[in-house]
Amino acid sequence: MGDSSGSVSIDVERIFFGGKEHRVRTRHGPLSVSVYGDEDKPALITYPDVALNHMSCFQGLFFCPEAASLLLHNFCVYHITPQGHELGAAPISSDVPVPSVDDLADQVADVLDFFSLGAVMCLGVTAGAYVLTLFATKYRERVLGLMLVSPLCKAPSWSEWLYNKVLLNLLYYYGTRGLVKESLLQRYFSMEVRGNGQDPESDIVQACRTLLDERQGANVWRFLQAINRRHDLTESLMKLQCRTLIFVGENSQFHADSVHMTTKLDQRYCALVEVQACGSLVTEEQPHAMLIPMEYFLMGYGLYRPPQQETSPRSTLNPFCISPELLSPESMGVKLKPIKTRISLNV
């Protein structure tokens, strides 16, 4: 699959599947990191949600030719996979301590040290967005900017904590099957793509369902346990100075958390994009909705998509789908405004 229009030709499948896998030893255990692109370019660090890895969390985004062109033209991408979430991973021994969220953030710093990286751009989804936000609050000088998808920033509510405890018990005894799998799919996707009695499941949900079958329940249990013990980042958010772009699906379980986070960040450096008819996993369900906001966000850093004669026929967006506020140089360049932008599905 590739886009050969204009002056740029990108073989998306070759790039996405041709990354170099590294085993990185951190102070809290080894991590798998997949590296894609020219390592002389600025670094983009990604971190997926619970039970996902970069193949199941970011494939849709990087298979969008325009997004791949934008990101791979400007960055070398470092996909961090949570411990035990890589393909073919064995169950982690119960003797290995369960990491805290602070341990997970410190692991990100260790990855940067391993590759001799300075300040980086970050892209995280839900639990991964929390980890990268925590990393940004602990290592401010090492983060250029944050692109967050359906992020968490508060400690879990009682209802979320109890719900996760039930999931943790089911994971412990049964793995990622049955009710656990259905609960995770509800966490990621909107009802529109999960299907119902009349409409079938979409291909992306079926693919995710297959990938969850391969995940070790014990390893997912560890990551979810850490996230269920997370602490509130609200006070730390007020001290962040890096620009932040937040995406959230209007049907996401974490919509309220994402809006709350937007209100607590410095209003000069934050923008919110709400995607209609979408769940939490915008990178897979509606990746094209991320393209134009990301493009204007990155313009604030002097980063641009290479020129092309035409957009992909798969693209459902044009610049007029986005609020003019979001596209203004002031909003997406030197200063960002905390606005709520809806992506129209009608073109």
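The values are calculated or read from the model by the stated rules, or taken from the named source; none is laboratory data. Keep in mind the model is a prediction, meaning the values are calculated, not measured. Don't worry about glycine lacking a Cβ; one is built from the backbone with ideal geometry, like all the others, and counts go over all protein chains shown. Calculation scope for accessible area: heavy atoms of the full protein, side chains included, ligands and nucleic acids excluded. Shrake-Rupley method; radii C 1.70, N 1.55, O 1.52, S 1.80 Å.
Got a sec to turn the phi values of segment 178-190 into Karplus ³J(HN,Hα) couplings, 6.51 cos²θ - 1.76 cosθ + 1.60 with θ = phi - 60°, whole Hz, x for Gly and Pro?
Working through the residues one at a time gives x, 4, 4, 4, 5, 5, 5, 5, 5, 5, 7, 10, 7 Hz.
Determine ³J(HN,Hα), in whole Hz, for all residues of segment 101-109 in sequence, where each value follows from phi through the Karplus function 6.51 cos²θ - 1.76 cosθ + 1.60 and θ = phi - 60°; x replaces Gly and Pro.
5, 5, 4, 5, 5, 5, 4, 4, 4
GLU235: accessible area at probe 1.4 Å, nearest 10 Å²?
150
Greater than 27 Å separation of Cα atoms is the criterion. Which listed pairs, LYS41/LYS138; LYS20/LYS154; LYS20/LYS41, meet it? Could the numbers behind the result be given before it?
Numbers: LYS41/LYS138 24 Å; LYS20/LYS154 35 Å; LYS20/LYS41 16 Å.
The pairs that break the limit, which is 27 Å between Cα atoms, are LYS20/LYS154.
Counting alpha carbon pairs within less than 8 Å and at least 6 residues apart, what relative contact order, in whole percent, applies to segment 42-102?
Numbers: 49 pairs, mean separation 25.5, N = 61.
Rounded, it is 42 percent for segment 42-102.
Determine ³J(HN,Hα), in whole Hz, for all residues of segment 282-295 in sequence, where each value follows from phi through the Karplus function 6.51 cos²θ - 1.76 cosθ + 1.60 and θ = phi - 60°; x replaces Gly and Pro.
4, 4, 10, 7, 9, x, 5, 5, 8, 4, 5, x, 4, 4
In segment 42-155, carbon and sulfur make up what percent of the accessible area (probe 1.4 Å)? Show your work: numbers first, answer last.
Details: 1480 of 2700 Å².
Percent of accessible area from carbon and sulfur atoms in segment 42-155: 55.
Just report the Cα centroid separation between segment 157-187 and segment 232-266, whole Å.
When both Cα centres are located, 24 Å separates them.
With just the Cα atoms defining each centre, how far is segment 35-90 from segment 213-231? Give it in Å.
20
Please list the non-local residues whose amide H lies under 5 Å from the amide H of LEU123, H modeled 1.01 Å from N, same-chain partners needing a gap of 5 or more.
Distant-sequence amide H within range of LEU123: ILE45, THR46, TYR47, MET147.
How much net charge surrounds LEU144 when only other residues with a Cβ under 14 Å from its Cβ are counted (Lys, Arg +1; Asp, Glu -1)? If you can, show how the numbers build up before the last one.
Values: positive: LYS41, ARG140, ARG142, ARG243; negative: GLU141.
Here the count lands on +3.
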